[in-house]
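Just below is one structure, and these are the notes that go with it.
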Amino acid sequence: MKTIYFLLAMGFVSSCMKLDSNLYNNDNEIKSYQLEDYTGEQDFILDASYAISADKITLLTLSSQTEKESSVTEIKALYIGDLTKINTDTVILYCHGNKWHMDFYWQRAKLLAHVNGKNTYGVMMLDYRGYGLSSGKPTEEGMYADVDACMKWLKEKGLENKRLVIYGFSLGTASSCELTANPRSLVPSKIILEAPFASAEVMVQDGSQLNMPAEYFTDLKIDNAEEIKKIEQPFLWLHGLNDNFLNYKTHGQVVYKNYGGSQQEKYLIEGADHGEVPEKMGFETYLKTLGTFIRK
Amino acid sequence: MKYIFPIFLILVLYRCAPSRYVKPLAKKENSLALSFGGPLIKFSGAPIPIPFTTLGYGYGLTDNITAYGNLHTTSALFGNSQLDLGATFSLYKKENSFGITASPALQMAYSIANKTGFRVWPSADANIYFHPAKKTSYLYAGINSWFEFSKLRAHGEDQKKHLVPNLQMGYVIAKTKWQHQFEFKYLGAGIPNTPGVVEYIGISGKGALGIYYSLVRKF
């Protein structure tokens, strides 16, 4: 009998680990945002011609609250552009991926500030709760509330639905799809998804090779492949053909196929891995592609 | 560069621990086993094994057939019940020399937390074991496969893989009552391990290497 207790105890002890909150790859250890001075790992670094003048960069603190929360969470966001022109400008709301914080994505936001010319459009980016200097812990509902907090702020500044373009990259495609399919404060007029994932289920099945339900591992409801069915706004899909993280066939293509509207465009980029689309596409081509899509 | 979703590291949970018996128990013999181990993955640049655990029980129906069941304890952390039930059959044996066994099994899983997602995957093992210098300890090697019979996967897409093969070799240090089993596996042999959210350590971009240890007590 002692043997049985011993083996059961060993099994229990070895299994006492908690992985539920481990979806998120956030870094909240930073003390301040470095943006242009950030020297950590980045997907690419733009040359000086893409510099943004300091007076066009505004760091914001916004209040975010999910339906179930009794108190607000303070999140950090930044706006590139002229705050006084939000009531007339087109704004790209950029929902970044799962990596660390806004410093990592600064070059991308800066690049977006050059679509159809420098500072032609406003660009807003945020750190979801638990990322960077945003307080709280990352959750799926919290992430949607955080993006909606940006929309609320933009709406208060005079932004209208028709001038809002939402852009999601990787993890950010979840909030982009969710808030376009089930709008809250604003209804994006166009949606751009770069390297979208289809659903948690596809991730599980790609990893296991078996037809395995996502519920075994996660309670996440993220399901871009289903949400996109409700979306009729013009949709642009960008994906690297060499994406070794989110397979363009099992993820992006399923999202593209399920799109509920009639105005869709896709650009599959030869040689591009996850996060390499703008660089492998060529920054000018990338900007031109986005610019044409937004202007249509 | 990897944009890692760390939770999906646990996917390999289902890349099975060595839960079957390579060599059948004696008639009416019982055994309890605790297995640790899992595939090697790259995490922050370093190769690490994932320590999954399995608790198992076996019973010798005859000298040539052992029935067994295993509870995959790590699965329980995620609110899942994962069990496997199977039997090891001796196909050929030469006493204290070598033998060949086969172990068909059913791998079952259910999300208790969500009250959904019951799945069954048949699996099969074939192993050959060998007692060097007629010692009680033995070496073995074999193949294991999981079978997926679903025609469709998520979002109504085609399920293209219907067989996930794994190769294994190991060594069992056999004492009178205790056994220590060390196993090395090549999981998903020949199946490309990219694209994917888990950075497996495989062979030429295929499959995943895994290491396992089992502590077995017979009574």
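Details
- Using alpha carbons only, the radius of gyration of the protein assembly as shown set against its Kirkwood radius gives Rg/Rh = 1.06.
- Cα-only radius of gyration and Dmax that characterise the stretch A:57-295, units Å: 16.7, 53
- Chain A: calculated mean residue ellipticity at 222 nm from DSSP helix runs of at least 4, using -39500 (n - 2.57): -9000 deg cm²/dmol
- For A:K31, the lysines whose Cα comes closer than 25 Å to its Cα, not counting residues fewer than 8 places off in the same chain, are A:K56, A:K76, A:K99, A:K110, A:K137, B:K2.
- Whether the stretch A:54-199 is rounded, prolate or oblate, judged on the alpha carbon gyration tensor where a/c under 1.5 counts as rounded: rounded
- Simple label model, 7 Å out from Cα along Cβ direction - A:S71 to A:K230, nm: 3.1 nm
- By DSSP, the beta bridges lying fully in the stretch A:170-296 are antiparallel in about 10 percent of cases.
- Cα gyration tensor category, rounded, prolate or oblate, for the stretch A:21-99 with a/c compared to 1.5: oblate
- Assigned charges on the beta-carbon of Lys, Arg, Asp, Glu; chain A dipole about Cα centre (debye): 620 debye
- Within the listed set A:G40, A:G172, A:G275, the residue fluctuating most in the Gaussian network model of chain A (springs between alpha-carbon atoms under 10 angstrom) is A:G40.
- Separation of the B:S204 and B:A124 label points, Cα + 7 Å toward Cβ, nm: 2.7 nm
- Of all DSSP bridge pairs formed entirely within chain A, close to 35 percent run antiparallel.
- Top positive-direction residue, dipole computed over the protein assembly as shown with Cβ charges, set A:N211, B:L187, A:L236: B:L187
- A viscosity of 0.890 mPa s and a temperature of 25 °C, combined with the Kirkwood radius over C-alpha pairs in the Stokes-Einstein formula, give the stretch B:6-218 a diffusion coefficient of 138 µm²/s.
- For the stretch B:6-218, the Cβ-based charge dipole about the Cα centre amounts to some 440 debye (Lys, Arg positive; Asp, Glu negative; other atoms uncharged).
- Its Cα gyration tensor gives the stretch B:125-217 an equivalent ellipsoid. The semi-axes, each the square root of 5 times an eigenvalue, are 33, 14, 12 Å from largest down.
- Counting only Cβ charges, +1 for Lys and Arg and -1 for Asp and Glu, the dipole size of the stretch A:140-296 around its Cα centre is about 880 debye.
- Cα-based reach from B:K185 at 21 Å (exclusive), listing lysines while leaving out same-chain residues under 8 positions away: B:K23, B:K42, B:K161, B:K206
Any read-out appearing in this document is the output of simple, stated calculations on the displayed coordinates, not a laboratory observation. Just so you know, these numbers come straight off a predicted model, no measurement behind them. For neighbour counting, all protein chains shown are included, and Cβ atoms are generated from backbone atoms with ideal geometry for every residue, glycine included.
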